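Enquirer: I am attaching a structure below and will ask some questions about it afterwards.
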Amino acid sequence: MDQALSAAAGQVSEMVRASRQIVLLSGAGMSTSAGIPDFRGPDGLYRKLGIDNPERIFDIGVFERDPSFYYGFHREFLRQVEAVKPTAAHRFFARLEERGKLAGIVTQNIDALHQKAGSAKVLEIHGSIWKSHCTRCGKGYSYRESARKVESGGVPLCDSCLGVLKPDVVFFGENVMQLEACQELAAGADLLFVVGSSLVVTPAAWLPSLCPGTIVIVNRGEISRTYLPASRVTLHVEEDIDTFFTALAERLGFPV
Ligand code: CNA
């Protein structure tokens, strides 16, 4: 193990031992090693899709005008999500929860990999793909029902009123979910991990500013520091996420 990695794992293991209310704010970088590309990283979707303004995929105005643009992306995303397994980093936080150390997770991800790893205390601030609803009559659809419609091509429509279905994912221009609970979690953290997020998307990017404790960032690549409380960021580990959490878990005596 290289020296910088070993030193960072050693330092953070002491912080974990001393903490009782650990909180994680996770982003798309946490799932890249599972095979789901992030948005803004070097192999991210934005670069791959070559779309001028890729945030349009999750723009509610664009969805309302032309839902087929979104469903072109969604169909591919569903294929990926079905196939993937949680990473070492997801498992690490599930183990912390088992040990009574974790107050909770706020995830910006919509892939449910925290839950697949065994985490129960998960707040999905940007919603998830596990449920959908009709944008006209509000009828709810399970993951299976909507996935079947999506796989058969085109834009999925409601059985009752032929309205367009929309997954319960938060689009740009919509309110995030469970914001108050997310804020409470951040405000009670004695140690906050920010993992695999560029901290560009608000209000998730505001959450670290509420943390009264110490903040550890694990992220390679650029992050926005606009809302980060610099004095509370004890460490920024610019390492591969799985490599770091595997090393940290070994230090703590519970390999993942
Ligand atoms: P982002 O803006 O794509 O940033 C991800 C960050 O992680 C970048 O800085 C990358 O360089 C970094 N990163 C990627 N892989 C690694 C790695 N192996 N080791 C270390 N660092 C790495 O993602 P955010 O989450 O900040 O953006 C918020 C959006 C992205 C949320 O609304 C998500 O819903 C959305 N998103 C989610 C998924 C998913 O559910 N897995 C996938 C793609 C996008």
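The values are calculated or read from the model by the stated rules, or taken from the named source; none is laboratory data. Remember, it's a predicted structure, so these values are computed and weren't measured experimentally. With ideal geometry, Cβ positions are generated from the backbone for all residues, glycine too; neighbour counts draw on all protein chains shown. We work out accessible area using only protein heavy atoms, side chains counted, and drop any ligands, DNA or RNA first. Shrake-Rupley method; radii C 1.70, N 1.55, O 1.52, S 1.80 Å.
Enquirer: So for the chain, taking the charge dipole from beta-carbon charges (+1 Lys/Arg, -1 Asp/Glu), which of PHE92, SER26, ASN219 sits furthest toward the positive end?
Expert: PHE92
Enquirer: So, one more: Let me check against my output: what whole-number percent is the relative contact order of the stretch 127-179, with C-alpha pairs under 8 Å and at least 6 apart?
Expert: It rounds to 43 percent for the stretch 127-179.
Enquirer: Dipole of the stretch 95-178, Cα-centred, from +1 at each Lys and Arg C-beta and -1 at each Asp and Glu C-beta, to the nearest 20 debye?
Expert: Around 160 debye, computed over the stretch 95-178.
Enquirer: What dipole magnitude, in Debye to the nearest 20, does the stretch 177-256 give about its Cα centre under +1 on Lys/Arg Cβ and -1 on Asp/Glu Cβ?
Expert: Using Cβ point charges on Lys, Arg, Asp and Glu, the stretch 177-256 gives about 180 debye.
Enquirer: Could you calculate the FRET efficiency of ALA7 with ARG148 from 1/(1 + (r/R0)^6), where r is the beta carbon distance between them and R0 is 51 Å, rounded to 0.05?
Expert: 0.50
Enquirer: How large is the helix-only mean residue ellipticity at 222 nm for the chain, computed as the sum of -39500 (n - 2.57) over DSSP H runs with n ≥ 4, divided by its residue count, in deg cm²/dmol to the nearest 500?
Expert: Rounded to the nearest 500, the figure is -10500 deg cm²/dmol.
Enquirer: For the stretch 117-256, what is one quarter of the convex hull surface built on the Cα atoms, given in nm²?
Expert: 11.0
Enquirer: Write out the GluC sites (Glu not before Pro) in the stretch 190-256 meeting two conditions: DSSP loop, and at most 15 other Cβ atoms within 10 Å of their Cβ.
Expert: Taking the stretch 190-256 and a limit of 15 other Cβ atoms within 10 Å, the loop GluC sites (Glu not before Pro) found are GLU222, GLU238.
Enquirer: Take each uninterrupted DSSP H stretch in the chain, measure its Cα extent along the helix axis, and return the ones at 30 Å or beyond whose mean Kyte-Doolittle hydropathy is at least -0.5.
Expert: none
Enquirer: Mean 1/r over all different Cα pairs, inverted: what Kirkwood radius does the stretch 154-228 give, in Å?
Expert: Its Kirkwood hydrodynamic radius stands at 14.7 Å.
Enquirer: Let me ask something else. Please list the non-local residues whose amide H lies under 5 Å from the amide H of HIS236, H modeled 1.01 Å from N, same-chain partners needing a gap of 5 or more.
Expert: ILE217
Enquirer: Calculate one ³J(HN,Hα) per residue across the stretch 152-157 by plugging θ = phi - 60° into the Karplus curve 6.51 cos²θ - 1.76 cosθ + 1.60, and present them in order as whole Hz with x for glycine and proline.
Expert: So the Karplus estimates, Gly and Pro as x, are 6, x, x, 9, x, 10 Hz.
Enquirer: Find the relative contact order for the chain and round it to a whole percent, using C-alpha pairs within less than 8 Å whose residues are 6+ positions apart.
Expert: 24
Enquirer: To continue, here is another question. What's the extension gain from ALA120 to TRP206 if we count 0.36 nm per residue and subtract their Cα-Cα distance?
Expert: 28.6 nm
Enquirer: Then there is this: Within the accessible area of the chain, what % is carbon and sulfur when the probe is 1.4 Å and the other protein chains stay in place?
Expert: Ligands and nucleic acids excluded, carbon and sulfur give 49 percent.
Enquirer: Please report the projected area of the stretch 55-119's Cα convex hull averaged over all directions, in nm².
Expert: 5.3
Enquirer: Out of residues 5 or more away from ASP38 or on other chains, whose amide H comes under 5 Å of its own, with H placed 1.01 Å from N in the peptide plane?
Expert: LEU45
Enquirer: Separate question: How much of the DSSP beta bridge set in the chain is antiparallel, as a percent to the nearest 5?
Expert: 25
Enquirer: Which value, in debye to the nearest 20, describes the size of the charge dipole of the chain about its Cα centre when Lys and Arg Cβ atoms bear +1, Asp and Glu Cβ atoms bear -1, and nothing else is charged?
Expert: 440
Enquirer: Something else now. What number do you get for the chain when its Cα radius of gyration is normalised by 2.2 N^0.38 Å, N = residues?
Expert: 1.03
Enquirer: A further question on this structure: Could you give each residue of the stretch 209-221 its phi-based ³J(HN,Hα) in whole Hz, using Karplus coefficients 6.51, -1.76, 1.60 with θ = phi - 60°, and x for Gly or Pro?
Expert: Running phi through 6.51 cos²θ - 1.76 cosθ + 1.60 with θ = phi - 60° gives 5, 8, 6, x, x, 9, 10, 10, 9, 10, 6, 9, x Hz.
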